[in-house]
Amino acid sequence: MKMTMRWFGPDYDPVTLDKLRQVPGLKGVITTLYGVPPGDIWTRDELLALKNEVEAYGLSITGIESLGIHDSIKVAAKDRDRYIENYIASLKVLGEAGIDLVCYNFMAVFDWTRSNLAKPRIDGATAMSYEQEIIDKIDPNNMSAHMNAKAGGHILPGWEPERMARIKELFDLYRDIDSDTLFANMKYFLSAIMPVCEKYGIKMAMHPDDPAWPVFGLPRIMSNKEQLLRMIKTVDNPLNGITLCTGSLGSNTSNDIPEIIRALKGRIHFAHVRNVRHNAPGNFEESAHLSTDGSLDMYAIMKTLYDTGFDGPIRPDHGRNIWGEVSMPGYGLYDRALGVSYLNGLLEAIEKS
């Protein structure tokens with residue numbers, strides 16, 4: 001496994017590459033051209049500039065998270081084929097730059113949702129949390145304002161202001177989209193992009209729904225083992241796989257993460273490994289990565305990944321803000337560095353056992 005961290009780029013991430021390079025065991029970063037809206041074509045010059053900057057610090061770009069999918073593709077609007085062609089053009093830019101992993105999602109309107117981005121914990125740290133009771137009281141049209149008010153001035157991935165300014169229009173777009181329609185639109189998209197993925201060996205790693213249940217009545221199609229298996233079987237190409245996000249799938253207590261890993265053996269291209277603490281049904285919060293701080297068995301998860309032969313990029317995900325650090329919500333340097341050390345320690349113990 002190649003240990004990585006997510007990095008949002010020089011204009012967006014307060015954590016700099018000179019700090020990331022100091023984390024023992026870190027091999028590369030998962031990044032993106034964050035300022036390019038979904039649907040626009042990535043340019044070779046912009047990508048190579050980012051790649052050169054990362055490599056100047058002795059790291060590598062081990063994958064892209066995310067190459068966003070335009071809503072016209074998700075709802076099968078009249079112009080979806082044009083946006084698919086744009087997506088294919090961006091994949092060609094990635095392939096020609098030697099980048100062979102793309103993490104993305106097919107969520108409707110919101111690509112992740114939390115009720116609090118800095119919930120105080122008993123130890124003084126803060127963490128992102130989800131409480132269904134709070135979400136149920138929020139007007140969906142005001143959800144973006146709710147999130148941004150708690151973002152500490154940072155732009156949130158998947159909640160870009162330009163797109164969220166169209167929130168009422170987006171809900172209208174998805175008004176008649178149910179889970180079967182959304183799945184069919186996903187199949188159409190994946191079938192269209194597989195030829196260019198095959199040409200360049202690009203692994204597409206679908207991220208599960210976050211949280212793993214419907215929010216505001218929007219359809220969900222990637223929330224459990226059965227849905228993940230249906231996706232990879234429907235477009236049965238080895239390059240069509242998933243991002244195993246333990247926190248997203250683990251938000252729902254009915255999901256058995258090790259069982260999901262075994263069922264998807266060979267089709268997990270990327271792993272987000274984080275722990276969550278279940279407080280009540282529909283109520284969870286991010287926690288430290290070690291098992292005793294959350295509800296997931298992190299040793300069992302890492303051992304199952306190891307036993308099933310997973311050797312792709314892996315990164316600690318979310319976690320807490322500790323020691324007074326001010327950062328993008330869920331992406332403080334200190335706790336992510338501790339996560340890298342913890343996951344590497346688990347791997348060493350598993351390899352010796």
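Within the stretch 173-195, residues that are closer than 15 Å to Met206 by Cα reach partners that are not aliphatic (A, V, I, L, M) with beta carbons closer than 6 Å, at six or more positions or on different chains, in the pairs Leu182/Pro219; Asn185/Lys74; Met186/Phe106; Lys187/Thr234; Leu190/Asn240; Met194/Asn237. Restricted to the stretch 278-330, and to residues there that are more than 18 Å from the chain's Cα centre (by Cα), among the charged types (D, E, K, R) and more than 19 Å from Glu351 (Cα to Cα), the residue that is modelled with the highest pLDDT is Asp293. Go through Gly9, Gly35, Gly68, Gly25 for me and flag whichever is at pLDDT below 95 and either among the aliphatic types (A, V, I, L, M) or closer than 21 Å to Ala192 by Cβ (or both). Just one listed residue meets the conditions, Gly68.
Any idea which residue in the stretch 282-296 is surrounded by the most Cβ atoms within 10 Å (Cβ to Cβ), counting only those that are of a type outside the set (Ser, Thr, Tyr) and without any contact (Cβ under 8 Å) to a residue 24 or more places away in the chain?
If we take residues in the stretch 282-296 being of a type outside the set (Ser, Thr, Tyr) and without any contact (Cβ under 8 Å) to a residue 24 or more places away in the chain, then Gly294 is surrounded by the most Cβ atoms within 10 Å (Cβ to Cβ).
Right, Gly247: of a type outside the set (A, V, I, L, M), more than 27 Å from Tyr200 (Cβ to Cβ) and not in a loop (DSSP other than H, G, I, E, B) or not? In short, yes.
Scanning the stretch 298-344 for residues that are assigned to a loop (DSSP other than H, G, I, E, B) and either under 18 Å from His207 (Cβ atoms) or without any contact (Cβ under 8 Å) to a residue 12 or more places away in the chain (or both) turns up Phe310, Gly312, Asp317, His318, Gly319, Trp323, Gly324, Glu325, Met328, Pro329, Gly330, Tyr331.
Criterion applied to Leu239, Leu182 was being farther than 19 Å from Ile268 by Cβ, surrounded by 18 or more Cβ atoms within 10 Å (Cβ to Cβ) and either among the hydroxyl-bearing types (Ser, Thr, Tyr) or at pLDDT 95 or above (or both), and the one residue passing it is Leu182. Inspect the stretch 205-227 for any residue being surrounded by fewer than 17 Cβ atoms within 10 Å (Cβ to Cβ), more than 20 Å from the chain's Cα centre (by Cα), of a type outside the set (A, V, I, L, M) and not in a loop (DSSP other than H, G, I, E, B) and give the result as yes or no. The answer is no; no qualifying residue exists. Hey, any hits in the stretch 80-87 for a residue that's of a type in the set (A, V, I, L, M) and more than 30 Å from Asp311 (Cβ to Cβ)? Looking through the stretch 80-87, at least one residue is of a type in the set (A, V, I, L, M) and more than 30 Å from Asp311 (Cβ to Cβ).
For the stretch 99-114, a residue qualifies if it is under 11 Å from the mean Cα position of the chain (by Cα) and more than 16 Å from Ala212 (Cα to Cα), and the qualifying residues are Val102, Cys103.
Counting residues that are over 21 Å from the mean Cα position of the chain (by Cα), which helices (runs of 4 or more DSSP H) fully inside the stretch 123-164 reach at least 2?
So the answer is 132-135, 143-149.
Cβ-Cβ contacts under 6 Å between residues 6 or more apart (or on different chains), taken from a first residue in the stretch 6-30 that is in contact (Cβ under 8 Å) with a residue 24 or more places away in the chain to a second residue that is small (Gly, Ala, Ser), are listed as Pro14/Ser327; Arg21/Gly58; Val23/Ala337; Gly28/Ser60; Ile30/Gly63. Remark: pairs (first residue in the stretch 261-280, over 22 Å from Ser66 (Cα atoms) and free of Cβ contacts under 8 Å to residues at least 40 places away in the same chain; second residue of a type in the set (Gly, Ala, Ser) and crowded, with 20+ Cβ neighbours inside 10 Å; Cβ separation under 8 Å; 6+ apart in sequence or on different chains) = Val276/Gly247; Val276/Gly250; Val276/Ser251; Val276/Ser287; Val276/Gly294; Arg277/Ser287; Arg277/Gly294.
Of all residue pairs spaced 6 or more apart or on separate chains, those with beta-carbon atoms under 7 Å, a first member in the stretch 33-49 that is more than 12 Å from Val93 (Cβ to Cβ) and a second member that is in a loop (DSSP other than H, G, I, E, B) and among the hydroxyl-bearing types (Ser, Thr, Tyr) are Tyr34/Tyr12. If the condition is being among the aliphatic types (A, V, I, L, M) and surrounded by fewer than 20 Cβ atoms within 10 Å (Cβ to Cβ), then the stretch 299-332 contributes Ala300, Ile322, Val326.
Between Gly63, Gly28, the distinction of being over 22 Å from Trp213 (Cβ atoms) and surrounded by fewer than 22 Cβ atoms within 10 Å (Cβ to Cβ) belongs to Gly28 only.
The values are calculated or read from the model by the stated rules, or taken from the named source; none is laboratory data. Since the structure is predicted, the reported quantities are computational estimates derived from the model, not experimental observations. Methodologically, a virtual Cβ is constructed for each residue, glycine included, from the backbone with ideal geometry; neighbour enumeration extends over all protein chains shown.
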